[in-house]
Amino acid sequence: MPLLGVNIDHVATLRQQRREEDPDPVKAALICQEAGADSIVAHLREDRRHISDKDVRSIKKALRIRFNMEISLNPEILDIALALKPHQVTLVPERRKELTTEGGLDIIKNRSLLKKACERFYTAGIPVSLFIDPVIEQIDAARRLDVPMIELHTGKYAVQKSAFSRNAQLKILTRVSAHARKLGLIVNAGHGLKYHNTTPVAAIPGMNELNIGHSIVSRAVFVGLAQAVREMSALTARGPHD
């Protein structure tokens, strides 16, 4: 049964439409916590399009559960994360014009920058996860950086329309996850997962945590945030035969 990390970025996205105070992502984080989330995820982007500096400070202070802060390799953002000391950082790629994260980090291409960033977090006692595509070569590169965990990008799996193509992508995720665990890495996953396609990913042997945001916030419009979190938590708890 994997853990559930709830990404609250899109609560802040809604707030930013009016540049006012509501809805407050900190209040959202506390509701998710009480509804059974195991961690809260928030991405402090360079352009601050949703989550703000004030948000991450307040979230870290308010939570009893883990705060997983997603960040790019932007020097200013790295410094903010190091000063804040979240329970975990997840390094992700970031492009100013993208609507949402488009893929995983290229660890091979960015090894030097990633190595320096990871060493700074190690020194500060902050665990690092790398958000990567389900590719064996990227897994091996992550292991060489001595990170404790990775997060597999599930976007390609999530957009498949047919059961056949979705199952093909699930097999890739399963195979790559097994390889990563064999190397001693903790395996998390996320991106694009919805209520109808999460359970098979949750059932991958050894899956540690699923990080899900947009679909939970979207569902909350109709049933409320607490209920949306409980429903997703129930799906992650179901086994491979359910």
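What follows is calculated from the coordinates using simple rules that are stated; it is not laboratory data. Keep in mind it's a predicted model, so treat the numbers as computed, not measured. Because the Cβ atoms are built from the backbone with ideal geometry, glycine has one as well, and the counts that use them run over all protein chains shown.
Available extension along the chain between Asn110 and Lys182 is 23.5 nm, counting 0.36 nm per residue and deducting the alpha carbon span. Computed from label points 7 Å out along Cα-Cβ, the spacing between Gln17 and Ala237 is 3.2 nm. A helix-only calculation puts the chain at -14000 deg cm²/dmol for mean residue ellipticity at 222 nm, using -39500 (n - 2.57) for each DSSP H run of at least four residues, averaged over all residues. With the cut-off at 22 Å, tell me which of the pairs Lys116/Lys182; Lys27/Lys54; Lys161/Lys182; Lys161/Lys194; Lys85/Lys156 have Cα atoms farther apart than that. In this structure, Lys116/Lys182; Lys161/Lys182; Lys85/Lys156 lie more than 22 Å apart at Cα. Give the shape of segment 151-214 as rounded, prolate or oblate, defined through the alpha-carbon gyration tensor: a ≥ b ≥ c are the square roots of its eigenvalues, a/c under 1.5 means rounded, and otherwise the shape is prolate if a/b is larger than b/c and oblate if not. Oblate, since a/c reaches 1.5 and b/c is not below a/b. Where a ≥ b ≥ c are the square roots of the eigenvalues of the C-alpha gyration tensor, would you call the chain rounded, which needs a/c under 1.5, or, failing that, prolate if a/b is larger than b/c, or oblate? Oblate, because a/c is 1.5 or more while a/b does not exceed b/c. In terms of its C-alpha gyration tensor, segment 1-136 has a prolate overall shape, because the principal axis ratio a/c (a ≥ b ≥ c, square roots of the eigenvalues) is not below 1.5 and a/b outweighs b/c.
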